[in-house]
1. Could you give the nm distance between label points at residue 171 and residue 205, where each point is 7 Å from its Cα heading toward the beta carbon?
2. Pulled fully out, how much extra length does the chain show between residue 456 and residue 235, if you take 0.36 nm times their separation in residues and subtract their Cα-Cα distance?
3. For a Förster distance of 41 Å, can you work out the FRET efficiency between the beta-carbons of residue 381 and residue 296, rounded to the nearest 0.05?
4. Run the numbers for residue 398 and residue 273: contour at 0.36 nm per residue of separation, minus the present Cα-Cα distance, in nm.
5. Report the one residue of 297, 441, 286 whose Cα lies farthest in the direction of the positive end of the charge dipole of the range 121-467 (charges on C-beta: Lys and Arg +1, Asp and Glu -1; origin at the Cα centre).
6. Cut-off 16 Å, label point 7 angstrom out along Cα-to-Cβ of residue 422: give me the residues of the range 184-228 whose amide nitrogen falls inside.
7. Order these by the 10 Å Cβ neighbour count, fewest first: 268, 188.
8. Only loop residues by DSSP count here, and only those with at most 12 other Cβ atoms within 10 Å; note down the trypsin sites (Lys or Arg not before Pro) in the range 379-462 that meet that.
Amino acid sequence: MREHRTSPQEAGPARRAVPQTAARDRRETPQAPVPVGRHPSTAATPARRAFPQAAAPAPPADPPATAPVRRDAAKATSVRGDAAGAAPVRRDAASAAPARRVLPQVADLARRIDAATPPTRDRTVDALRALAVLGVVLGHWLVTALVVDTGTVHGTSPLAPMPQLAPISWVFQTLAVFFLVGGHVAAKGYAAARGRGTRYRDWLAARLLRLFRPVAALLVTWAVAAAAMLVGGVRPETLSTLLKLVLTPLWFLLVFAALTAATPLVAKLHPLWPLAVVLCVDVIRFALGGPEVLGLLNLGAGWLVPYCLGALWARGGLRTRTGIVLLSCGAAATAALILFAGYPASMVGVPGAAVSNLNPPTLAAVCFGLAQCGAALLLLEPLRRLLRRPLAWAGVALLNLAAMTVFLWHQTAMMAVTALGLLAGRPLPGLHTEPDGPGWVLARIGGLPVFACALLVCWAAYRTYERRSGRTR
C-alpha cells in the first residue's frame, strides 16, 4: 500500500493554528512570559526583590513565543500570562515601580539591623518594652478627650459616660509590663557593672541621664509654649488642662527613677513583701476608714511588685509555670476584688469616680499587673520565634530607640491635632465633642492615624535628645 503524504497546502491551516505550541515544544525548558519591554533576565522574582544582592542575574534568553500583546503607551501598562494559558493580568507599571524600589530598601535595612544586633541580646525584653509603650500611647489616645466649650478646653474621658468601655483599660494599661522589664534590665545591668568594676554612682548617673535628657527637652519646650499661649490670650483654664495632660505621665518616670536608684537594695527582694504592703494600705484606707494620704505608700510599693518580679526574672527565678500561676491567680484576684470588694472595673482613672485604681495604685491594679506579667512571661517563646525574622526585629528595635520620645510626646501630638482641627470652623466629632456614644468612639479610632503622623513629626524634631542618651537599656 502506498503511503499517503499530506501536501503543504493541506497541512497549512493546521500548522498555522498551532505555531505557538510548536515553538514551545522545540524548547528544552519552557520559560514564563515576561512583561513587555523587559528582558527576562531582569524580571525579578519575589525572592530577588527582597534580597537583590543575593540573586545572581539569569543568563540572557530569547523571549518565548506568546500570543500577541497589545501595548498601551499612554497608560504604561504591562500584560502577564502564564504558560498554561491563564487570562492575562494587567498591572499598572507606574504604580508598581515605587513598591519595587521601596520594598528592597526596607528589607535591606531590616537585614542590616538584624546583623548589627549582638547575638547575646535578649530581643524578647525589647519586644515587651515596645508593647508596653504602645499600650500606654494607644490607651491615652483612646480614653482622653479634649472638649471645646464656650471658648475653653477641658479634659474628660469616654469611660465616664460609657463605663462599658472599661475593658479598653485592661488591654492598654500596660505599666506593670514596663516595670517588669525595667526591673529585669536594671538588675542585669547593675550586676554587669559590678563585674566590670563600675561604681554604683557612675552606673546610676548614666541610667538617669538617659532617662531625663529627653524630659528636659519636653519641659523647656512646653515652658516656652505656655508663656507664648498666655501672652496670646489663651485662658488659664485651657492652659491648665493642656499642661496636666503633658505633665501627668511624668509621675511614672519619677517612680521609675526612684526604683532604679534602689536597685541594689531591692534586686533580691521577694515580690510578696511589697504586695503585703499594698494589701495593708488598702485595708486601712477602705475597710478601716484610714486617711487617704496613706495611699501614697502604694506609689512605691505597688510598682515595686512588678519591678521585683523583673529582678527575679534576671536571676533566673521565673519559669513558664510561674507565668501560668501569675496569670491565673492575678486574673482571679482582680475579678474578685471588682465583683465583691467594690473596686472600679477600669484600670485607669475616670473623672468623677470616687476611687481610682491607678492614682495611687490599689490592690486591684497590682493584682491585675501580676496577671499582665504572667501573660508577658508566657509570650516570651512565641516572641523569640517571631523576632528571628529581620523585619519583625527591625520594627521592635526602631521603636525601642525612640521609646522615651514616643512616651513623652504622644499627648502633645494629640493636642496639636486637636488645635489644628479648630481651623475647620466647627467642632469635629471624636476630636472636640463630648464622648457620648459609639459614634464618638468610631471617630476617635479613625483619628488615630492622624495622631500617629503628628507623633512622627515630634519624633523627627526631638529624637536627637534620646539618641545622645546612649543605648536603650
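What follows is calculated from the coordinates using simple rules that are stated; it is not laboratory data. Predicted, not measured: the structure shown is a model, and the values here were computed from it. Heads up, the Cβs are rebuilt from the backbone with ideal geometry, glycines too, and the neighbour counts pull from every protein chain shown.
1. 4.6
2. Contour length minus the Cα-Cα distance gives 76.7 nm.
3. Details: r = 39 Å, r/R0 = 0.94.
It comes out at approximately 0.60.
4. Numbers: separation 125, 0.36 × 125 = 45.00 nm, distance 3.64 nm.
Answer, rounded to one decimal: 41.4 nm.
5. Checked the options; the winner is 297.
6. The answer is 225-228.
7. Lowest to highest Cβ neighbour count: 268, 188.
8. Numbers: sites: 384, 385, 388, 444; in loops: 388.
Here the trypsin sites (Lys or Arg not before Pro) that fit, given the DSSP loop and packing criteria, are 388.
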